[in-house]
Amino acid sequence: FRITHLHHCCEDKTFQNVAVLMFSSVTSQIVYSATEESSLGTTVGNLAKDLHLDVQELEIRGFHISGPNKRYFEVNVKTGILLVKDRIDREELCSRNVKCSLEVEAIVNSPLNLYRFEVKILDINDNAPTFRIPEIVLNVSESAFPGERFTLAKAFDSDVGIY
């Protein structure tokens, strides 16, 4: 935000201060990747470097993470490094979507700038597949050929999101 004071003349000829707020939003193509279930404190990327910010000024300028996904990330204002702050469960966040990413915002003051970037959440195979039918019995003849294939019902894999 850049605040500019203007004087506005009213009908009774008195002047009022009007603050005009100029908001600077920077949209960039910064994309990071983080593995779901990463330990707290895991490095995601060097946000200050990628945004071309002076690390020496981050703390003074109040550099911080903002927006609806701020619970998952924090920035170390001494280094500018983006860190995992809370448990990230891809299946919980993105359900059955093949692609999973979080839009994250960072704010720095004096002058106020808003930066938006994306963090792609990478899946780990942390869920065993399940079948609609809990038990399958196959009767295989003794005369079956070695390597013969048998059709099974499809399994649901919540890591992939499909049957």
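The values are calculated or read from the model by the stated rules, or taken from the named source; none is laboratory data. Quick caveat, the model's predicted, so the values are computed rather than measured. Because the Cβ atoms are built from the backbone with ideal geometry, glycine has one as well, and the counts that use them run over all protein chains shown. Quick note on the areas: whole protein, heavy atoms, side chains included, nothing else; ligands and nucleic acids left out. Shrake-Rupley method; radii C 1.70, N 1.55, O 1.52, S 1.80 Å.
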Residue that is nearest to residue 122 (Cα to Cα), among those in segment 36-70 that are charged (D, E, K, R) and open to solvent by 20 Å² or more (accessible area, probe 1.4 Å): 37
Tally, over segment 75-102, of residues that are acidic (Asp, Glu), open to solvent by 80 Å² or more (accessible area, probe 1.4 Å) and at pLDDT 95 or above: 0
Matching entry among 62, 41, 67 (being out of contact with any His (no Cβ under 7 Å at 6 or more places or on another chain) and modelled with pLDDT under 95): 67
Single residue of 104, 119, 108, 140 found to be among the hydrophobic types (A, V, I, L, M, F, W, C) and out of contact with any strand residue (DSSP E or B) (no Cβ under 8 Å at 6 or more places or on another chain): 140
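Conditions (1) touching a Pro at 6+ places or on another chain (Cβ under 7 Å); (2) not in a loop (DSSP other than H, G, I, E, B); (3) not acidic (Asp, Glu), marked per residue:
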| position | (1), (2), (3) |
| --- | --- |
| 37 | no, no, no |
| 44 | no, yes, yes |
| 52 | no, no, yes |
| 61 | no, no, yes |
| 74 | no, yes, no |
| 91 | no, yes, no |
| 97 | no, no, yes |
Tabulated pairs, segment 87-112, first more than 16 Å from residue 69 (Cβ to Cβ), second assigned to a loop (DSSP other than H, G, I, E, B) and of a type in the set (A, V, I, L, M, F, W, C), C-beta under 6 angstrom, 6+ apart or interchain: 108/63; 112/1
Members of segment 103-134 found to be open to solvent by 30 Å² or more (accessible area, probe 1.4 Å), closer than 19 Å to residue 44 by Cβ and part of a strand (DSSP E or B), listed by number: 103, 105, 107, 116, 118, 120, 122
